[in-house]
Amino acid sequence: MTKPFAMRVGEATVFAREGQFTDAMAEIVIGAVDGPVGHAFANLMGQTAGHSRMFAVRDCNQMARPPTMMVPKVTIKDSKTIELLGSVVQAATADAIVDCVADGTIARSIVDDICIIDLIWLDPQAVKDPNLDRRDLYRTNYEATRMAISRALKGEPSAEELIANRRTIKHVMFDPEA
């Protein structure tokens with residue numbers, strides 16, 4: 001993509017390594033700052049109880065470009081959840097975005113013309129796990145973010161792929177025939 005567009009969407013799930021609760025499920029909306037995604041982005045600046053939004057930053061004073069708003073899919077109930085979202089998950093998300101710009105997945109020419117809203121998942125069990133593998137949490141969120149962005153910009157999966165796989169692929173958490 002070399003010019004701004006109204007809206008693209010993508011998602012990706014990356015599973016944890018064995019014994020971890022570090023699955024990542026990124027759901028991405030990308031679009032022009034002066035379009036519907038930009039308006040939604042600006043409206044997300046307000047906070048709601050239990051769903052703190054934050055920019056994707058690599059470190060203090062290193063906000064990712066294009067600007068990205070991370071929105072948790074789960075209600076935040078404790079400081080441990082905030083700490084994980086605002087450190088490992090935030091760093092993984094921001095690094096993935098910067099790497100998408102570096103490798104051309106997102107054209108550099110449009111980084112100031114688009115914004116991203118990223119719905120992020122943090123398994124509540126990860127917060128309670130005394131043996132949480134933060135590197136695996138980083139890995140899953142990094143990979144899911146990159147994959148979701150790529151899929152959004154490529155329009156994947158296509159309608160043809162979805163139709164072709166309609167009877168062969170079942171939801172990982174629900175099989176209607178079981």
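The values are calculated or read from the model by the stated rules, or taken from the named source; none is laboratory data. The model shown is predicted, which means the values in this text are computed figures rather than measured ones. Counting neighbours? That spans all protein chains shown, and the Cβs are built from the backbone with ideal geometry, glycine included.
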Next item on the list: Would you be able to say whether some residue in region 96-106 is in a helix (DSSP H, G or I), of a type in the set (G, A, S) and modelled with pLDDT of 95 or more?
Entry: yes
Next item on the list: Please specify each residue of region 129-152 satisfying the condition of being surrounded by fewer than 21 Cβ atoms within 10 Å (Cβ to Cβ) and more than 20 Å from R58 (Cβ to Cβ).
Entry: D129, P130, N131, L132, D133, R151
Next item on the list: Hey, could you check region 54-72 for residues that are aliphatic (A, V, I, L, M), part of a strand (DSSP E or B) and in contact with a helix residue (DSSP H, G or I) (Cβ under 9 Å, 6 or more places away or on another chain) and say which is nearest to E83 (Cα to Cα)?
Entry: M54
Margin query: All but one of (1) closer than 21 Å to D123 by Cα; (2) aliphatic (A, V, I, L, M); (3) touching a helix residue (DSSP H, G or I) at 6+ places or on another chain (Cβ under 7 Å) hold for I82; state the number of the condition that does not hold.
Written below: (3)
Notebook entry, point to check: Does M70 meet the test of being surrounded by fewer than 20 Cβ atoms within 10 Å (Cβ to Cβ), under 15 Å from the mean Cα position of the chain (by Cα), in contact (Cβ under 8 Å) with a residue 24 or more places away in the chain and farther than 16 Å from I106 by Cα?
Noted result: no
Checklist line | Evaluation of I97 against (1) over 15 Å from A56 (Cβ atoms); (2) among the aliphatic types (A, V, I, L, M); (3) within 12 Å of the chain's Cα centre (by Cα) (one fails), failing number | finding: (1)
Next item on the list: Go through region 55-74 and count every residue that is more than 17 Å from Y138 (Cα to Cα) and either among the aromatic types (F, W, Y) or in contact with a Pro (Cβ under 9 Å, 6 or more places away or on another chain) (or both).
Entry: 1
Checklist line | All positions within region 20-53 that are closer than 27 Å to L137 by Cβ, part of a loop (DSSP other than H, G, I, E, B), in contact (Cβ under 8 Å) with a residue 60 or more places away in the chain and not hydroxyl-bearing (S, T, Y) | finding: Q20, F21, D23, L44
Notebook entry, point to check: Among (1) crowded, with 22+ Cβ neighbours inside 10 Å; (2) more than 17 Å from the chain's Cα centre (by Cα); (3) without any contact (Cβ under 8 Å) to a residue 60 or more places away in the chain, where does A126 come up short?
Noted result: (3)
